[in-house]
Amino acid sequence: MGLAEIPGSARLVLVEGVVHLNEEEAVFEAMLEGWARQQRSRLLSESTIGMRDRLIRRFAEFAECYPWVWRPADVEDFTVFLTSGKDRLALSTIRGYHLGLRMFCDYLVDSRYEWARQCRDRFNQVPVQVCHEWNTVAHLNDYEGRPQRRPLTYEELQRLLDYLDDRVDRIAAMGRKGSASALRDALMIKTTYAYGLRRNELARLDLADLRPNPHVPEWGSYGAVHVRFGKSIKGGLPRRRTVLTVPEFDWIVPGLKQWIDQVRPLFRAADHPALWLTERLTRVNTRHIDSRFAAARDAIGLDPSLTLHCLRHSYVTHLVEFGYPERFITEQVFFNDTATTEIYT
């Protein structure tokens, strides 16, 4: 394969001999387009590519210069800026920014993509790797989440679930609209805990993702949940897994059955595939799920640091306490290794 044929090569996004009104801006845009092509050839998602594009633009705006002028000191100044003030970013976020900058510079200095030659011929300067071990965050800890975020206790979970049920009853007793939506919201939060789901995994569930478990025929179509939009690795495609319903969480089965057989038809969903629907026949989004959990959490006086994701921590922790083997738990929640299970618990 010739150099010009490599996805992301400078010669594929820059036309030789063309004079640009703003050559520096044109080359910078071509670099970003070339990097995007290179990432697409690796089957990275558009959301990952877009996030990295915004990072590079933000860094260039902060440094007030283009990549062939960047120096390590610019990274150090950028890091100080991001970690200053009341809106300082988390350590893991900073490391992610450093990784994105490092990968972009690796792409620019790789001779196969010919950006060094383009910059030398046009600007008499060449891009360099500005991220090194002395000015970037090292990954020293296995888990760097906020220490305030933890599994909920059994008492806290019971209060949460009771509040969700009582809210449905109150709305229905008052004769107000919204009891169906309140039941939906309650079941979404319960399903998050009962299967240890991430919020996007929950929001993207379809009716077809509810599966039987032949070993427990009495649960019918609620013996397992097929997750098709699991968290991807390094921007790749979503990973799939099947989460089995376990006896300790079998209380979710009649709830899901009630939602599908009795309540969801009230939304006049017709052939819409989504499990969780709004009154406007759109899929419930993650922002709504977060807001409903936060409202319930605040109503019963739980720590404001607790988020919906803490229910996933609770699920893993409680499976351990119920005596399930690590291998089973790891497959239920799709961790890369058992060490992550230990971190969660």
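General observations
- Residue match in the stretch 296-304 (condition: among the acidic types (Asp, Glu), in a helix (DSSP H, G or I) and touching a Lys or Arg at 6+ places or on another chain (Cβ under 7 Å)): no
- First in the stretch 204-219 and touching a residue at least 60 places away in the same chain (Cβ under 8 Å), second anywhere and exposed (fewer than 13 other Cβ atoms within 10 Å of the Cβ), Cβ under 9 Å, 6 or more apart: ASP206/PRO273; LEU207/PRO273; ALA208/PRO273
- Hits in the stretch 188-207 (condition: more than 20 Å from ALA296 (Cα to Cα), open to solvent by 10 Å² or more (accessible area, probe 1.4 Å) and in a helix (DSSP H, G or I)): LEU207
- Cross-chain or 6+ apart pairs with Cβ under 9 Å, the stretch 253-279 first and without any contact (Cβ under 8 Å) to a residue 24 or more places away in the chain, then surrounded by fewer than 12 Cβ atoms within 10 Å (Cβ to Cβ): HIS272/THR282
- Any pair with Cβ under 8 angstrom, 6 or more apart, that starts in the stretch 69-86 at a residue that is open to solvent by 60 Å² or more (accessible area, probe 1.4 Å) and ends at one that is at pLDDT below 90: GLU76/ASN135
- Subset of the stretch 265-303 (residues that are of a type in the set (A, V, I, L, M), modelled with pLDDT under 90 and either open to solvent by less than 40 Å² (accessible area, probe 1.4 Å) or within 22 Å of the chain's Cα centre (by Cα) (or both)): ALA269
- Unmet requirement for CYS131, which otherwise passes all of (1) assigned to a helix (DSSP H, G or I); (2) in contact with a helix residue (DSSP H, G or I) (Cβ under 8 Å, 6 or more places away or on another chain); (3) buried (at least 16 other Cβ atoms within 10 Å of the Cβ): (1)
- Neighbours by Cβ (under 7 Å, 6+ apart or cross-chain): first from the stretch 288-311, within 14 Å of ARG199 (Cβ to Cβ); second aromatic (Phe, Trp, Tyr): LEU308/PHE293; LEU311/TYR193
- For the stretch 208-221, the candidate set comprises residues that are outside any strand (DSSP E or B) and either of a type in the set (A, V, I, L, M, F, W, C) or touching a helix residue (DSSP H, G or I) at 6+ places or on another chain (Cβ under 8 Å) (or both); within that set, the residue that is surrounded by the fewest Cβ atoms within 10 Å (Cβ to Cβ) is ALA208.
- Every pair of residues 6+ apart whose Cβ atoms lie under 6 Å, when the first sits in the stretch 22-38 and is closer than 18 Å to GLU61 by Cα while the second is of a type in the set (Val, Ile, Thr) and open to solvent by 10 Å² or more (accessible area, probe 1.4 Å): ALA30/VAL13; GLU33/VAL13
- Flag for ARG57 being part of a helix (DSSP H, G or I), open to solvent by 80 Å² or more (accessible area, probe 1.4 Å) and either of a type outside the set (S, T, N, Q) or out of contact with any Cys (no Cβ under 9 Å at 6 or more places or on another chain) (or both): yes
- Residue that is farthest from VAL15 (Cα to Cα) [pool: residues in the stretch 87-124 that are among the polar types (S, T, N, Q) and open to solvent by less than 70 Å² (accessible area, probe 1.4 Å)]: SER92
- Of all residues in the stretch 313-330, none satisfies being among the hydrophobic types (A, V, I, L, M, F, W, C), part of a loop (DSSP other than H, G, I, E, B) and open to solvent by less than 10 Å² (accessible area, probe 1.4 Å).
- Residue-level check: of (1) out of contact with any Ser or Thr (no Cβ under 8 Å at 6 or more places or on another chain); (2) outside any helix (DSSP H, G or I), HIS226 misses just (1).
- Restricting attention to the stretch 65-115, the residues being modelled with pLDDT of 90 or more, farther than 22 Å from GLN38 by Cα, hydrophobic (A, V, I, L, M, F, W, C) and part of a loop (DSSP other than H, G, I, E, B) number 1.
- Positions within the stretch 113-135 being of a type in the set (D, E, K, R) and touching a residue at least 12 places away in the same chain (Cβ under 8 Å), in sequence order: GLU114, ARG117, ARG122
- In the stretch 25-50, the qualifying residues are those that are open to solvent by 80 Å² or more (accessible area, probe 1.4 Å) and part of a helix (DSSP H, G or I), and the one that is nearest to ASP121 (Cα to Cα) is ARG37.
The values are calculated or read from the model by the stated rules, or taken from the named source; none is laboratory data. Just so it is clear, the structure is predicted and the values come from calculations on it, not from any experiment. Note that we place each Cβ from the backbone using ideal geometry, even for glycine, and neighbour counts take in every protein chain shown. Side chains included, ligands, DNA and RNA excluded: accessible areas come from the protein's heavy atoms. Shrake-Rupley method; radii C 1.70, N 1.55, O 1.52, S 1.80 Å.
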